[in-house]
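Enquirer: My questions will all concern the structure given below.
Just so you know, all these numbers are worked out from the coordinates, no wet-lab data involved. Here the structure is a predicted model, which is why all the values come from computation and not from measurement. Cβ coordinates were reconstructed from backbone atoms using ideal geometry, including for glycine residues, and neighbour counts include every protein chain displayed.
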Amino acid sequence: MKKALITGITGQDGSYLAEFLLSKGYQVYGLKRRTATPNFENIQHILDKIEIISGDLLDLSSLIEAIRASDPDEVYNLAAQSFVADSWPQAIYTGYATGLGVTNILEAIRLTKPDIRFYQASSSEMFGKVLEIPQKETTPFYPRSPYAVSKVCGHWITVNYRESYGMYTCSGILFNHESPRRGLEFVTRKVTNGVAKIKLGLQKELRLGNLDAKRDWGYAGDYVKAMWLMLQQENPEDYVIATGETHSVRELVEIAFDYVGLDWNKYIVQDPNLMRPAEVDLLLGDPKKAMDKLGWKPEITFENLIKTMIDSDMQKLKAKK
Ligand code: NAP
Ligand code: F7E
């Protein structure tokens, strides 16, 4: 039985990856930092099948202990301060968690079990003010937020440990991926949850920032398969994971309101406070390498993804009512 340790197991991707690895027969361990109130919502349904280990990406000793306790074949580093907007007011913390945290986990592996296969959750945000369209593995980075700068650090330290120590380390450069388990602050979920609330008469308006930003949005369940595939190859490499399609926030809003039969113009309020100090205007990924070498492809369309998220939010809100 293969063993995997996932950092960030309580997050969106951690929960889907844990489910996926369990379906592959893995023994799954999840690193979880201490929180004052429980946040097991995404993994409640599989808690009896996984083992939770207490630890924090900022605490090297806890990472070393987590690796000793789980003795994994594979480590997936998904933990991060992942909300771009908060990386300006919390630039230093983001640098520690999202950037330096990667060095911590790599050091823990190097010092305890250097033959572990390692996956780093890198991000399309590293392309930022894009220098090429579409973006691929060879496109230079131009990060536009403290989050993106920290992810560039995490990406290069992952490459560096591969080149310096011959470790099996991969960086997956994933474009935005969403699901009903997405945090409520990210724009897709903010819109699907807001639309569901408006439809049910629980909210009157939806305040958003930049409607012109474009993203290459996919489904999280599809993307965790790519993470696993990267660690099953003969040689460690870096891959772009994307759909190859881009949509604006405005299109997202139109699709969502249309689905519940409402006119979005009546409910959207543009709020200057939600604009970012430096925006990423357009992201569009080229997943050709992943398709050719990993045999990976996205399965769910953007429109179906948004509709599924609205259905799920409607159900959750009705259950609460
Ligand atoms: P998420 O839902 O925000 O989950 C982040 C996870 O990291 C949570 O489990 C969180 O724990 C944990 N965490 C944060 N700081 C930690 C620390 N200091 N020590 C231990 N755990 C910590 O993020 P996601 O959407 O699943 O994304 C997973 C990873 O992929 C992140 O690294 C993100 O930056 C990256 N990424 C995401 C996307 C995307 O579109 N989703 C695209 C590219 C890259 P709590 O529950 O306690 O907060
Ligand atoms: O913003 C615009 C906003 O916060 C998307 C993270 O998972 O993907 C995610 O980062 C776009 C931006 O995601 C609102 O300005 C407009 O242009 O959903 P988001 P993100 O910043 O792209 C990458 C790949 C990651 O790695 C990150 O971890 O939508 N936007 N109005 C808004 N965004 C938010 N959040 N809220 C608004 O009201």
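Enquirer: Kindly list the residues of the stretch 154-187 that lie in the label zone of Q44, defined by a backbone N under 19 Å from the point 7 Å along the Cα-to-C-beta vector.
Expert: 179-185
Enquirer: Residue farthest toward the positive end of the dipole of the chain, with Cβ of Lys/Arg at +1 and Asp/Glu at -1: which of M126, C153, L60?
Expert: The residue sitting farthest along the positive end of the dipole is L60.
Enquirer: Another question, then. With angles folded into 0 to 90 degrees, how steeply does helix 146-165 sit against the dominant principal axis of the chain? Use alpha carbons for both and round to 10.
Expert: 20 degrees
Enquirer: Using all C-alpha to C-alpha distances in the stretch 85-162, build P(r) with 5 Å bins and read off the rounded percent in each one.
Expert: 3, 16, 24, 21, 16, 12, 6, 2, 0
Enquirer: In whole Å, what is the distance between the alpha-carbon centres of the stretch 48-108 and the stretch 165-194?
Expert: The stretch 48-108 and the stretch 165-194 have Cα centres separated by 16 Å.
Enquirer: For the stretch 194-321, I need the span (max minus min coordinate) of the C-alpha atoms along each principal axis, in Å, sorted largest to smallest.
Expert: 54, 37, 20
Enquirer: Here is a follow-up. So how tilted is helix 302-320 from the main axis of the chain? Cα-based, degrees 0 to 90, rounded to 10.
Expert: Around 80 degrees separate the two axes.
Enquirer: Would you mind estimating how fast the stretch 1-113 diffuses translationally, via Stokes-Einstein at 10 °C and 1.306 mPa s with the Kirkwood radius over Cα pairs, in µm²/s? Numbers along the way, then the final one.
Expert: Details: Rh = 14.3 Å.
It comes out at roughly 111 µm²/s.
Enquirer: Given H placed 1.01 Å from N in the peptide plane, which residues other than close sequence neighbours of I241 have an amide H under 5 Å from its amide H?
Expert: HN-HN under 5 Å from I241: I173, L174, F175.
Enquirer: Here is a further query. Within the stretch 150-179, name every residue whose backbone N is under 11 Å away from a label modeled 7 Å from Cα of E137 along the Cβ vector.
Expert: Zone members listed by number: 171-173.
Enquirer: Among the listed pairs K151/K307; K3/K24; K129/K266; K225/K288, which are separated by more than 21 Å between their Cα atoms?
Expert: The answer is K151/K307; K129/K266.
Enquirer: For the chain, just run the numbers: alpha carbon Rg, then divide by 2.2 N^0.38 Å, N being how many residues it has.
Expert: Details: Rg = 19.3 Å, N = 321, 2.2 N^0.38 = 19.7 Å.
Against the empirical 2.2 N^0.38 Å value, I get 0.98 for the chain.
Enquirer: Using only the Cα atoms of the stretch 276-319, construct the convex hull and provide its projected area averaged over every direction, in square nanometres to one decimal. Please report the intermediate quantities before stating the final value.
Expert: Numbers: hull surface 22.6 nm².
Directional mean of the projected Cα hull area for the stretch 276-319 stands at 5.7 nm².
Enquirer: Also, I was wondering about something else. Explain nothing, just the number: dipole magnitude of the stretch 101-162 about its Cα centre with +1 on each Lys and Arg Cβ and -1 on each Asp and Glu Cβ, in debye rounded to the nearest 20.
Expert: The dipole magnitude comes to about 40 debye.
Enquirer: Let me ask something additional. Using only Cα atoms, figure out Rg for the stretch 127-188 and give it as a multiple of 2.2 N^0.38 Å. List each step's numbers first, then the result.
Expert: Numbers: Rg = 14.0 Å, N = 62, 2.2 N^0.38 = 10.6 Å.
Taking the Cα Rg and dividing by 2.2 N^0.38 Å, one obtains 1.33.
Enquirer: How much length is gained on full extension from K316 to W88, taking 0.36 nm per residue of separation minus their Cα-Cα distance?
Expert: Numbers: separation 228, 0.36 × 228 = 82.08 nm, distance 3.17 nm.
Net length gain for the segment: 78.9 nm.
Enquirer: Further question on the same structure: What angle, in degrees between 0 and 90 and rounded to the nearest 10, separates the Cα long axis of helix 60-70 from the longest principal axis of the Cα atoms of the chain?
Expert: 80 degrees
Enquirer: To continue, here is another question. Subtract the Cα-Cα distance of Y165 and M1 from 0.36 nm times their separation in residues, and report this length gain in nm to one decimal.
Expert: Numbers: separation 164, 0.36 × 164 = 59.04 nm, distance 2.67 nm.
Net length gain for the segment: 56.4 nm.
Enquirer: Could you check the spin-label model distance between E237 and N304? Points 7 Å from the Cα along Cα→Cβ, value in nm.
Expert: If labels sit at E237 and N304, their model points lie 2.8 nm apart.
Enquirer: Another one. For the stretch 135-151 and the stretch 5-32, what is the centre-to-centre distance using only Cα atoms, to the nearest Å?
Expert: The two parts, judged by their Cα centres, are 26 Å apart.
Enquirer: Also: Ratio to report: Rg/Rh of the stretch 97-247, with Cα atoms as the point set and Rh obtained by the Kirkwood method; give two decimals.
Expert: On the way: Rg = 17.7 Å, Rh = 17.1 Å.
Using Cα coordinates only, the ratio equals 1.04.
Enquirer: Give me the net charge of N210's neighbourhood, meaning all other residues with Cβ under 14 Å from the Cβ of N210; Lys, Arg count +1, Asp, Glu -1. If you can, show how the numbers build up before the last one.
Expert: Working: positive: R144, K190, R207, K214, R215, R250, R276; negative: D212, E251, D271, E279, D281.
That works out to +2.
Enquirer: Further question on the same structure: Taking the Cα centre of the chain as origin, sum charge times position over the Cβ atoms of Lys and Arg (+1) and Asp and Glu (-1), and report the length of that vector in debye to the nearest 20.
Expert: Details: 39 positive and 41 negative charges, 155 e Å.
Value, rounded to 20: 740 debye.
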